[in-house]
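Notes follow the structure.
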Amino acid sequence: MLSPHKPQKISSIGHLLNWIDRHFLELGREVRLSYLPPLMVYLAAGISGLTAIVGTFFVKEYLGLSAEFLAGLAFWAMLPWTLKLPVGHLVDLIWRFKGALVFLGAGLIAASLIIMLGLLTDRGAMEAILSAGDWYVISVILAPVGYVIQDVVADAMTVEAVPATDDDGRFFSESQQRLMHATMQTLGRVAIIVGTLGVALVNVLMFNGVEAMSAEEKVAIYRLLYQWALVIPLISCCGVVLAAFLKHRYMVSLVKLGYTRHEIDTLTHEDRPITTPNWWILGGGISFAFISIGVGIAQFRYGQEVIFILSLMVIVTLMKRLTLEMQSEARAVLLGTAILIFFFRAVPSPGPGSSWWMIDVLGFDQSFMARLSLIGSVLSLLGLFLFRRFMAERSIASVVAILTLISTVLSLPTIGMYYGLHQWTAAMTGGLVDARFIAIIDTALESPLGHIAMVPMLAWIAHSAPHHLKATYFAIMASFTNLSLALSQLLTKYLNQAFVVTREVQDPVSGLTVLPANYGELGMLLIIVTVLGLVVPFGAIWIVKTLRLQSV
């Protein structure tokens, strides 16, 4: 006799298998070999985090730089990302030769890594030329310039990565093309997270047992990680070479299927309308770059504010001119989406003081920070798969609202630990739920949030932007949204000026304390950042609704 519960059990298993298929296996079935070249460039960007933990501890242990200075430096490091527009337009102008820019970016990234390697190998020889702090600043600025160039080209490569026909030469439908573009952009985020996952695992292994290591042994690991990081520019260059090979193979297959030269050029984006130079973009971008450099060299007191305002004016003006080619409905969608993403990403952070406090007060060492990074990467990858349907079925406004609420809730444990939450939970649970336990759970829940909001906008641009200006549109939207990160760094700097947080700085020669640690104002700083993180994004949603704009 059959159990009455058996059909229900089979049905439940079927639902579970269907859910796994929709959220995980389906994306795997949609992967194409042509997607691999841009994914390799994105993967290289993800691997760039290999030296992040090393950098944090190197600055804390060997450079006497304040939290305010580092927040200001983060602004200048963010600035190259706002210059993606002229670089993107340059890619459209030299579309057939855009791969050369990846090699240029690789050279800049390698130079940045070699500088840090030099500081760790022979600091005395480096300081004979410039101070260690100056070398660090140069390294911090060079790397993002290289990654900006490569990121712009990778965005353009995603357009070519989506084929127009299947293996038998049959054209894909409009809906199939739209789905492939969404898949390509999702996989781009996946590649970045896989890169961070790999480097987090390497850091966990390298820093295992760090608490028993001497200072010399730690420096040896730092040096080794920077040596390994030199593989990053190599991976992106290999992606360009692979793209050229796959494109040639695709063209040969089309010839065998009987397509004419003109048809092949159309299918491989070779007959794109000739893009004439837009001197508003090129001239404005170049002028802005020179002004930014001049203000930075002059060390003008309000240089960052001036550059931000100029950046905003230039990018908004160029966005207005570019969107004239779009239909009014598409223009409204683009504007509404841009406003939401801008304010969502403009929320300030506590700055480096929060990490210093976790290291000094909570006792988080390199090994534990690496494990947090590993957990965050794994959960980010899973979250991107789980939220894929969520992103496709809801508007950006809904996505931003939900992510904002989740992010606000997840900020509370850190505030609680500052005021002793971990001490109370440890006492109540026999030491089980301590600071590290809370940090792990908080990281696990928060990890996927930062990668989700951008995917719908990128997929929309890849599918809907004018064909001869794909890279330009990718770049201008990226410049606008990255400008919000520059604003975030400015606001972070202001908060660090109002609420001063310092870590202990010792003289490397005498071992005497030059600057004592002071985390007394960190609690209020964390609270204000959390409140702003809730109010600002919802204010943006209200603006979009009031102006009756739409979003992707």
Query raised in the report: How do the pairs read when you match residues in segment 18-40 that are under 19 Å from Ala154 (Cβ atoms) and exposed (fewer than 14 other Cβ atoms within 10 Å of the Cβ) with residues anywhere that are modelled with pLDDT of 70 or more and not aromatic (Phe, Trp, Tyr), using Cβ under 8 Å and keeping only pairs 6 or more apart or on different chains?
Result: Leu33/Leu246
Requested in this report: Being among the aromatic types (Phe, Trp, Tyr) and in contact with a Phe, Trp or Tyr (Cβ under 8 Å, 6 or more places away or on another chain) is the filter; apply it to segment 355-386 and report the residue that is modelled with the highest pLDDT.
Outcome: Trp357
Query raised in the report: Is it the case that Ala132 is of a type outside the set (Phe, Trp, Tyr), under 30 Å from Leu85 (Cα atoms) and in contact (Cβ under 8 Å) with a residue 24 or more places away in the chain?
Result: no
Query - Residue within segment 138-149 that is more than 19 Å from Ala52 (Cα to Cα) and buried (at least 17 other Cβ atoms within 10 Å of the Cβ) present - result: yes
Query raised in the report: From the residues in segment 387-408 that are at pLDDT 85 or above and hydrophobic (A, V, I, L, M, F, W, C), which one is nearest to Phe342 (Cα to Cα)?
Result: Ala401
Requested in this report: Quickly run through segment 204-238 and pick out the residues that are among the aromatic types (Phe, Trp, Tyr), under 27 Å from Leu104 (Cβ atoms) and buried (at least 18 other Cβ atoms within 10 Å of the Cβ).
Outcome: Tyr226
Query raised in the report: Checking Gln227 against (1) touching a residue at least 60 places away in the same chain (Cβ under 8 Å); (2) within 16 Å of Pro37 (Cβ to Cβ), which test does it fail?
Result: (2)
Requested in this report: May I ask you to list the residues in segment 492-502 that are touching a residue at least 40 places away in the same chain (Cβ under 8 Å) and buried (at least 20 other Cβ atoms within 10 Å of the Cβ)?
Outcome: Thr492, Lys493, Leu495, Asn496, Val501
Query raised in the report: Which condition number does Asp166 fail, the rest of (1) under 17 Å from Ser236 (Cα atoms); (2) touching a Phe, Trp or Tyr at 6+ places or on another chain (Cβ under 7 Å); (3) among the charged types (D, E, K, R) being met?
Result: (1)
Query raised in the report: Within segment 321-354, which residues are β-branched (Val, Ile, Thr), assigned to a helix (DSSP H, G or I), touching a helix residue (DSSP H, G or I) at 6+ places or on another chain (Cβ under 6 Å) and modelled with pLDDT of 75 or more?
Result: Thr337, Ile339, Ile341
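Residue by residue, here is whether (1) in a helix (DSSP H, G or I); (2) closer than 30 Å to Phe364 by Cα; (3) modelled with pLDDT of 80 or more holds:
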residue	(1), (2), (3)
Asp134	yes, yes, yes
Val137	yes, yes, yes
Ile141	yes, yes, yes
Asp151	yes, no, yes
Ser175	yes, no, no
Val194	yes, yes, yes
Glu211	yes, yes, no
Val219	yes, yes, yes
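The values are calculated or read from the model by the stated rules, or taken from the named source; none is laboratory data. If you're wondering where the values come from, they're calculated on a predicted model, not measured in any experiment. Using ideal geometry, Cβ is built from the backbone for each residue, glycine included, and neighbour counts are taken over all protein chains shown.
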